[in-house]
Amino acid sequence: MPTPSLTALPIRRLTQRDLTACADLSEDRGWPREEHKWGLLLSAGTGYGIDAPDGGLVSACVVTEYGPHGRPTLGAIGMVLVAERHARQGIGRRLMRHVVSLMGTTPLTLHATPNGRPLYEELGFKTTGRAEMVRGRFTPDETASDVVTRAATAEDLTTILRLDEEVFGADRTHVIARLPAFTDQLRVAEDGGRIIGYAAAWPNMDTQVVGPLIARDTKTAKALLASLAARTDRPLRTDIDVRHEELLTWAKARGLEPVAFNAVMTYGITELPGDWRRRFAPLTVAAG
C-alpha cells in the first residue's frame, strides 16, 4: 500500500484519549510535555489533529470557545503544532484553514510566536497587542501591601464568574469553573468585603504559571501575584500584557526575568472584547 499524501490525511476531533499523543507532539517540537495543560484544553475546548501514518500525531491544535453555548462570541486558538519530521510541508496551514473555516463568522484570537506569525498573517490575522513572558523566583517586596487577599472559596465562584465575564468580555464559565480543580492556588482580592480581583497559579513542569490575573488596578494585581508567590517554592511564570508597564517593571525588579514576546492576534475583530486595563495575564496563552 502506498503511503497516503499528508495533504490527504483526514483532520479529526481530538479527545482526552489523545492526551499522551498531544504531549508527545509537544516534546517532539522541543516544548515541555505540559500534560496538565493539555488535559484542561482538551476538556474545556475542542482539539483537532491529523494522525501520522506511522503512529502519533502529524499536527494538532485546540480551540476554546467563549460566550453562549452553540453561539460563541470568541474563539481562542492555541497549541498549534506540527511534528518536526513533517514541518514546512503546509500541514499547519491546512489545519489552521480548517479551523478558521469551521468557526465561520466567530471572531478569533491567538498568541503567536515570531515563527508562527507569518502563517497567521497569511490567513488574515492582525497583530493587535503584545504579551511578555517573564519567569523566575519571586523576591518579596519589603513594603507590605494594604490590599487584602485570601484563598477563594466555593461561595466566591459566582462573583468570580461575574467579574471575569465583565473584564474578559465573554462568558468563560466552562473554563473558570474548572480552576478549583486545575490550579494549586486560587485567590481573591477584596475591598470592604467586595471582590476586586482574582488570580490563580497552576503547575506546569517545574514552574507555577500565574493566570488568569484580573484586578481592579495595578496595586491589586501586584498584591495577588505576591500572595501567590508567597505560597509556592517553585519559580513563577506569567504572560503580562505589555501595556501594563508598571506591573512588568515591578515583577522584573522582584526577580522575574524576561523570556519572550508573543504577538496577540485577532481575526474578524480589531481588538479583543472586555477591559484590558483590568486584564493583566491570561489563564494561558493557548486559551486567552
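A few points about this structure:
- Residues in the range 1-43 that are in contact (Cβ under 8 Å) with a residue 60 or more places away in the chain and under 16 Å from Gly92 (Cβ atoms): Leu6, Thr7, Ile11.
- Total residues in the range 152-179, condition open to solvent by 60 Å² or more (accessible area, probe 1.4 Å), free of Cβ contacts under 8 Å to residues at least 60 places away in the same chain and not hydrophobic (A, V, I, L, M, F, W, C): 5
- Residue selected from the range 234-269 under the condition among the polar types (S, T, N, Q) and surrounded by 14 or more Cβ atoms within 10 Å (Cβ to Cβ), by the criterion farthest from Ile77 (Cα to Cα): Thr238
- Counted residues, the range 1-57 - those being hydrophobic (A, V, I, L, M, F, W, C) and part of a loop (DSSP other than H, G, I, E, B): 4
- Answer residue from the range 44-76, given it is charged (D, E, K, R) and free of Cβ contacts under 8 Å to residues at least 12 places away in the same chain and is most open to solvent (accessible area, probe 1.4 Å) among those: Arg71
- Ser43, sole failed condition from (1) among the polar types (S, T, N, Q); (2) under 30 Å from Arg162 (Cβ atoms); (3) out of contact with any helix residue (DSSP H, G or I) (no Cβ under 7 Å at 6 or more places or on another chain): (3)
The values are calculated or read from the model by the stated rules, or taken from the named source; none is laboratory data. Here the structure is a predicted model, which is why all the values come from computation and not from measurement. Note that we place each Cβ from the backbone using ideal geometry, even for glycine, and neighbour counts take in every protein chain shown. Accessible surface is based on the protein model in full, side chains and every heavy atom, while ligands, DNA and RNA are left aside. Shrake-Rupley method; radii C 1.70, N 1.55, O 1.52, S 1.80 Å.
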